[in-house]
Amino acid sequence: MWDAASQNREGAGYHPIMKILYGVPGEGMGHATRSRVILDHLATRRHQVKIVVSGRADGYLKKLFPDVEEIRGLRAYLHQTPI
């Protein structure tokens, strides 16, 4: 966790390495594509990121990041409902 003391002790630009659990929900790909930008940034800072995903995001993010695990998520279904 960041604090002023460690910032000063380590010098300007110091960023401690964190362990992060990052969840990406959803059926669609909107959350996954937006999360990619954040996950890329976390990777450049060398944080240890465990990614958990549901829906179609699983296949997409597994191609890009090494530690992705699929979890069960909520899904929306329409049953005999006209649109």
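Quick look at the values:
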read-out: Residues located in the range 12-66, provided they are of a type in the set (Gly, Ala, Ser), part of a loop (DSSP other than H, G, I, E, B) and either surrounded by 13 or more Cβ atoms within 10 Å (Cβ to Cβ) or modelled with pLDDT of 95 or more (or both); value: Gly26, Ser54, Gly55
read-out: Residue match in the range 68-79 (condition: part of a loop (DSSP other than H, G, I, E, B), exposed (fewer than 12 other Cβ atoms within 10 Å of the Cβ), small (Gly, Ala, Ser) and modelled with pLDDT under 75); value: yes
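The values are calculated or read from the model by the stated rules, or taken from the named source; none is laboratory data. Given the structure is predicted, the values throughout are model-derived calculations rather than measurements. Ideal geometry is used to build each Cβ from the backbone, glycine not excepted, and the neighbour counts take in all protein chains shown.
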